[in-house]
Amino acid sequence: MRKTIPVLAAAAILWFAPPWAKSGVDPAQEVLALERRAMDGWLKGDPDPQLAISDPEITYIHAVVDKRVDGLTALKELYEQYRGMPLFDSYEILYPRVQTAGDVAVLTYRLSRRIGSATTSWNATQVYCRKKEGWRVIHTHWSPAKEQQR
């Protein structure tokens with residue numbers, strides 16, 4: 001009986017644990033790696049790494065668009081105008097924070113990007129959902145940063 005209780009407790013933990021806990025992969029590190037890969041694509045003017053992790057039903061809000069962009073097809077149309085045009089010379093992901101709840105991860109950070117001698121900062125929110133294909137961005141929100149975060 002003494003051996004049965006710890007075995008049952010361990011089985012219950014594994015049964016009810018989120019999928020990432022069973023795999024041993026830290027979702028925060030996984031999501032940040034995907035985000036960096038997407039930003040590295042924009043260094044070369046290549047939106048494909050970002051599009052590869054975007055969900056077909058993504059919603060996208062950014063200061064460069066008049067209204068919310070709905071769906072991957074519309075996002076591809078928006079991104080095509082930037083293909084071949086690097087969006088920055090270098091970048092830094094500052095103050096990243098990943099919050100998880102089951103199969104959802106919310107990544108927030110400040111993007112500091114340099115173009116020549118100018119530096120601009122943007123606040124980013126990326127909502128990821130773990131699907132059978134892996135993590136996919138289901139919502140993106142970009143806004144200009146107003147002042148330095150402390």
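If you rank VAL69, VAL104, VAL64 by fewest surrounding Cβ atoms within 10 Å, what's the result?
Values: VAL69 21, VAL104 15, VAL64 9.
In increasing order of surrounding Cβ atoms, one gets VAL64, VAL104, VAL69.
Could you list the GluC sites (Glu not before Pro) in region 42-150 that lie in coil according to DSSP, counting only those with at most 16 other Cβ atoms within 10 Å of their Cβ? If you can, show how the numbers build up before the last one.
On the way: sites: GLU57, GLU77, GLU80, GLU92, GLU133, GLU147; in loops: GLU133, GLU147.
Counting only loop positions with at most 16 other Cβ atoms within 10 Å, the GluC sites (Glu not before Pro) in region 42-150 are GLU133, GLU147.
Scattering from the C-alpha atoms of region 20-144 alone, worked out with Debye: what is log10 I(q)/I(0) at q = 0.11 1/Å?
Log10 I(q)/I(0), no solvent term: -0.36.
Using the number of other C-beta atoms within 10 angstrom as an exposure proxy, rank SER117, SER112 with the fewest first.
Sorted ascending by nearby Cβ count, the order is SER117, SER112.
Rounded to whole Hz and in sequence order, give me ³J(HN,Hα) for region 120-134 from the Karplus expression 6.51 cos²θ - 1.76 cosθ + 1.60, θ = phi - 60°, writing x for Gly and Pro.
Working through the residues one at a time gives 10, 10, 10, 8, 10, 10, 10, 9, 9, 10, 7, 10, 4, 7, x Hz.
Determine which aspartates and glutamates satisfy two conditions relative to LYS131: a Cα distance under 17 Å, and not lying fewer than 8 residues away in the same chain.
Partners found: ASP26, GLU30, GLU35, ASP55, GLU57, ASP103.
If you rank LYS131, LYS146, LYS76 by fewest surrounding Cβ atoms within 10 Å, what's the result?
Details: LYS131 11, LYS146 8, LYS76 15.
Neighbour counts put them in this order, fewest first: LYS146, LYS131, LYS76.
Bear in mind that the values in this text are calculations on the coordinates, not laboratory data. Worth saying up front: this structure is predicted, and the values here are computed from it rather than measured. Methodologically, a virtual Cβ is constructed for each residue, glycine included, from the backbone with ideal geometry; neighbour enumeration extends over all protein chains shown.
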